[in-house]
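Down below is the structure, laid out as structure tokens.
What follows is calculated from the coordinates using simple rules that are stated; it is not laboratory data. Not measured: the values here are computed from a predicted model. Cβ atoms come from the backbone with ideal geometry, glycine included; neighbour counts cover every protein chain shown.
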Amino acid sequence: MATKTLIVLRHAKSSWKTPDLDIRRPLAERGEQDAEAAGAILAGYDLDLVLCSSATRARQTWEHAVAGGASCDDVRYSEAIYHAWADELVSELRDLPEATPTVLLIGHQPTLSDLVLGLAKSSVLTGQVAERFPTCALSVLTYRGGWRTLGDGKAVLKRYEVPRG
């Protein structure tokens with residue numbers, strides 16, 4: 001059975017100095033720098049698919065990650081990720097083609113830490129995620145099996161860090 005990799009990235013720091021609606025808030029300058037630092041980490045992964053919230057700050061996080069070295073030919077933006085709960089994201093992941101081994105998911109809190117904590121077996125790293133999952137937090141989970149059988153406690157949290165630029 002092939003190993004799947006799910007990388008979960010919370011959008012970088014956004015600006016509150018804007019009259020825009022929440023979904024349209026852009027990144028702050030620090031967020032742009034942090035997203036580039038995340039991109040340097042993501043450059044070490046062969047991404048097959050990026051699932052990204054359609055929120056401006058999430059889209060800009062991906063754009064700055066690309067500037068930092070990340071790359072992927074298949075990037076999909078979805079408003080559903082902006083509104084989703086963890087179980088809804090799991091349902092989306094279960095529908096992925098089995099020929100898609102490495103997926104990056106860019107979204108929002110508290111959904112993302114709930115997703116990571118639900119999928120991952122308990123470990124020192126899950127304790128760190130439970131303690132804090134700030135902007136630009138990045139988690140790498142691996143799962144041995146098909147996407148359709150992904151579920152609670154079936155993945156291993158291999159990496160957790162908070163890139164800063």
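Loop-located GluC sites (Glu not before Pro) in segment 71-151 (DSSP state not H, G, I, E or B) with no more than 13 neighbouring Cβ atoms inside 10 Å: 98. Against the main long axis of the alpha-carbon atoms of the chain, helix 56-67 sits at an angle near 80°.
May I ask you to sort 135, 3 by Cβ crowding, counting other Cβ atoms within 10 Å and putting the fewest first? The partial results should precede the final answer.
Values: 135 22, 3 11.
Listed from fewest to most nearby Cβ atoms, that is 3, 135.
Tell me the net charge near residue 102. Cut-off is 10 Å between Cβ atoms, residue 102 excluded, with +1 for each Lys or Arg and -1 for each Asp or Glu.
Details: positive: 4; negative: 46, 48.
Around residue 102, the charge tally is -1.
Calculate the dipole size of the chain relative to its Cα centre from +1 charges on Lys and Arg beta carbons and -1 charges on Asp and Glu beta carbons; express the result in debye to the nearest 20.
Working: 19 positive and 21 negative charges, 83 e Å.
In debye, rounded to 20, the chain gives about 400.
Computed from Cα atoms, the angle from the helix 29-42 axis to the main principal axis of the chain rounds to 30 degrees. Non-local lysine pairs in the chain, meaning eight or more places apart or on different chains, with alpha-carbon distances under 17 Å, amount to 5. With the charge dipole of segment 28-99 set up from +1 on Lys and Arg Cβ and -1 on Asp and Glu Cβ about the Cα centre, the Cα lying farthest toward the positive end among the listed residues 47, 77, 28 is that of 28. Sites listed here are chymotrypsin sites (Phe, Trp or Tyr not before Pro) in segment 16-99 whose DSSP assignment is loop and whose Cβ has at most 14 other Cβ atoms within 10 Å: 16, 85.
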